[in-house]
Amino acid sequence: MSLWHFLQTFGPRLLDGTLVTVEQFFLAAVVAVAIAVAAGLMKLSRNLALKGVAVIYIEIFRGTSLLVQLYWIFFVLPLFGITLPKFAAGFMAVGMNLGAYGAELVRGAIQAVPRGQWEAAYALSMSPARRMRRIILPQALLIMLPPWGNLLIELLKGTALVALISVTDLMFQSKQINASTYLSAQSFGAALVIYYILARFLLTPAMRWLETTLRRRQERS
Amino acid sequence: MDETADYPLELTGEDVPMVRFLNVTKRYGPLTVLDKLNLDVAEGEMVSVIGPSGSGKTTVLRMLMTLETINGGVIYVDGKPLTHMPKGGRLVPADPRYLRRMRANIGMCFQHFNLFPHMTALQNCMEGPVQVLGLPKAEARARSEELLEMVGMIDKKDQHPSRLSGGQQQRVAIARALAMRPKVMLFDEVTSALDPEVIGEVTNVIRKLVAEFKLTMLMVTHQMGFARDISDRVCFFYAGRIEEQGPPDALFGNPQRERTQQFLSAVKDAG
């Protein structure tokens with residue numbers, strides 16, 4: 001089967017899979033960012049209970065395998081009465097896992113904002129919450145964007161695991177095509193190329209654009 | 001902590017100073033940086049603090065800004081306790097809310113300006129009045145523009161700090177602090193990080209403040225000539241204590257203590 005013929009035959013299925021991968025990516029990214037910000041702030045909190053929850057969360061999700069976490073969320077949680085559809089279980093697992101890494105990025109970036117900025121905001125009598133929101137976070141955001149670019153690429157690639165709980169993403173479709181045609185090189189080759197295109201030609205430029213836009217708005221070139 | 005319980009809840013009577021340090025002690029671990037400091041600053045007075053590094057002079061300003069906690073004594077601002085609050089007829093260490101309310105009376109300029117890099121000069125000045133004092137934007141803008149005009153930075157009001165020189169940034173920082181209408185202004189080595197040729201533009205603004213506003217000011221500085229020119233009083237700090245203080249002409253012209261003489265002659269030799 002020629003490559004052209006292969007694409008003609010299986011292109012639509014690969015495209016369907018890619019769309020699901022993109023959906024999984026976006027939803028997982030939202031979960032990851034939300035968790036990262038929450039856990040990152042909690043880890044910096046002076047409240048020991050909040051801090052403890054964040055530390056335990058980060059340790060568990062960073063210290064164990066994403067695949068095992070995915071299986072836990074999909075296969076084990078129902079035993080405790082929490083049943084998630086496979087689509088939701090997929091992006092939740094990926095988002096929760098990468099969110100734990102993201103928490104460290106958030107924490108590190110906040111701590112990297114120069115001490116003088118805290119002091120200046122403090123000297124203006126700003127409340128801690130306002131200080132964080134108005135002064136520290138906007139600056140921390142700029143500091144953490146480049147490492148977030150890396151993390152989001154990891155997250156995109158991590159979504160391939162959701163195929164293992166039968167979410168019909170790009171990886172799932174490739175496996176199906178391979179199973180029915182034995183055209184392994186074409187099936188997995190197509191997946192490889194599509195993941196690369198998503199990461200290299202969509203995600204990376206998008207992050208770079210975001211960074212330049214923010215940097216220009218903050219005029220710190 | 002308990003010894004302060006019997007300190008006055010409020011300073012009353014005539015001649016209540018704008019700032020009073022009453023037996024204020026500051027320790028970092030085993031190191032005593034300030035030992036039972038007593039210092040009054042009258043309303044409208046300009047006091048310069050000089051001394052060798054490590055003498056505790058910057059700590060004095062940082063304690064007054066409540067950037068540092070204190071380990072003994074009480075600081076009063078405008079007659080009311082700053083570091084403590086009255087509770088059940090006694091003084092107890094102030095909680096964050098009380099501190100936040102009280103330190104709105106105090107403005108501070110830093111050695112490294114610390115302007116917010118993601119805001120323009122004008123936005124820097126408006127941030128406190130809008131976010132903390134709750135002023136309407138138009139009013140905060142008018143107030144900020146007036147102050148930027150005063151420090152000679154109105155032309156650059158829409159520039160971000162990265163586009164401004166050190167002297168310009170420091171002038172914006174002064175306007176930003178003044179926009180909160182503080183009763184006390186603190187200047188912590190505000191010219192130390194500046195290139196020599198722009199120091200004048202910052203000291204001129206401070207001169208103008210002294211001349212035109214009846215603002216209480218405390219200034220830590222290494223510029224002896226400037227301190228001599230504009231201060232009402234100069235305090236020489238040595239090893240966590242006020243070694244000598246007095247009117248600038250007396251302190252610089254005829255220092256009484258040996259440490260003061262040594263310090264002043266060392267400074268003179270250096271430049």
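Here the peptides B:247-259, B:157-169 are ranked by packing, the mean other Cβ count within 10 Å, and the order with the highest first is B:157-169, B:247-259. Among the listed pairs B:Lys137/B:Lys157; B:Lys157/B:Lys208; B:Lys57/B:Lys80; B:Lys87/B:Lys214; B:Lys57/B:Lys268, those with a Cα-Cα distance over 25 Å are B:Lys87/B:Lys214. Each residue of the range B:244-259 was assigned a 3J(HN,Hα) from its phi angle through the Karplus expression (A = 6.51, B = -1.76, C = 1.60, θ = phi - 60°), giving 7, 8, x, x, x, 5, 5, 5, 7, x, 8, x, 8, 8, 5, 4 Hz with x at Gly and Pro. Once backbone amide H atoms are built at 1.01 Å from N, B:His118 has no partners under 5 Å, excluding neighbours fewer than 5 places away on the same chain.
Between A:Leu19 and B:Glu10, the modelled labels are 7.2 nm apart [label points 7 Å from Cα along Cα→Cβ]. Ordering B:Val198, B:Met180, B:Ser165 by the projection of their Cα atoms onto the charge dipole of the range B:150-244, which places +1 on the Cβ of Lys and Arg and -1 on the Cβ of Asp and Glu, puts B:Met180 at the extreme positive end. Near the amide H of B:Gln159, within less than 5 Å, lie the amide hydrogens of B:Ala121, B:Leu122, all on another chain or at least 5 residues away, with H placed in the peptide plane.
In this label model, B:Glu258 and A:Phe75 are separated by 8.4 nm, measuring between points 7 Å along each Cα→Cβ vector. In terms of its Cα atoms, chain B spans 54, 50, 38 Å along the principal axes, sorted from long to short. The phi-based Karplus calculation (6.51 cos²θ - 1.76 cosθ + 1.60; θ = phi - 60°) puts the 3J(HN,Hα) values of the range A:93-110 at 4, 5, x, 5, 5, 6, x, 5, 5, x, 4, 5, 5, 5, 4, x, 5, 4 Hz, whole numbers, x for Gly and Pro. Of the residues A:Phe172, B:Asn71, A:Leu202, the one whose Cα sits farthest toward the positive end of the charge dipole of the protein assembly as shown, with +1 on the Cβ of Lys and Arg and -1 on the Cβ of Asp and Glu, is A:Phe172. Working note: Cα atoms of the range B:119-181, range along each principal axis, descending, whole Å: 30, 20, 16.
For chain A, the alpha-carbon radius of gyration amounts to 1.20 times the rule-of-thumb value 2.2 N^0.38 Å expected for a compact globular protein. Contact order for the range B:119-181, expressed relative to its length and based on alpha carbon pairs under 8 Å spaced 6+ residues apart, stands at 49 percent. Top mean-square fluctuation among A:Arg13, A:Arg134, A:Arg208, Gaussian network model of chain A, C-alpha springs under 10 Å? Between A:Arg13, A:Arg134, A:Arg208, it is A:Arg134 that shows the largest mean-square fluctuation.
Restricting the calculation to Cα atoms, every distinct pair contributes to the Kirkwood radius of the range B:72-114, found to be 11.5 Å.
Per residue of the protein assembly as shown, what 222 nm ellipticity follows from adding -39500 (n - 2.57) for every DSSP H run with n ≥ 4, rounded to the nearest 500? Intermediate values should be presented prior to the final figure.
Numbers: 18 runs with 260 residues, N = 492.
Value at 222 nm, helices only: -17000 deg cm²/dmol.
Evaluating kT/(6 pi eta Rh) at 10 °C and 1.306 mPa s, with the Kirkwood radius of the protein assembly as shown over Cα pairs in the Stokes-Einstein relation, gives 60 µm² s⁻¹.
Lysine pair count for chain A (Cα-Cα distance under 25 Å; residues 8 or more apart in sequence or on different chains): 4.
When a/c is below 1.5 the answer is rounded, else prolate if a/b is larger than b/c, else oblate, so apply that to the range B:102-154 with a ≥ b ≥ c taken from the square roots of the Cα gyration tensor eigenvalues. Don't skip to the end; give the middle numbers.
Numbers: a/c = 1.44, a/b = 1.06, b/c = 1.36.
Rounded.
Amide H contacts under 5 Å for B:Glu243: B:Phe236, B:Phe237, B:Tyr238, restricted to partners 5 or more places along the chain or on a different chain, H placed in the peptide plane at 1.01 Å from N.
Rounded, prolate or oblate for the range A:112-221? Axes are the square roots of the Cα gyration tensor eigenvalues, ordered a ≥ b ≥ c, and the cut-off for rounded is a/c under 1.5.
It comes out prolate by the Cα gyration axes.
Each value in this text was obtained by applying a stated rule to the coordinates, not by laboratory testing. Since the structure is predicted, the reported quantities are computational estimates derived from the model, not experimental observations. Glycine also receives a Cβ, built like all others from the backbone with ideal geometry; neighbour counts cover every protein chain displayed.
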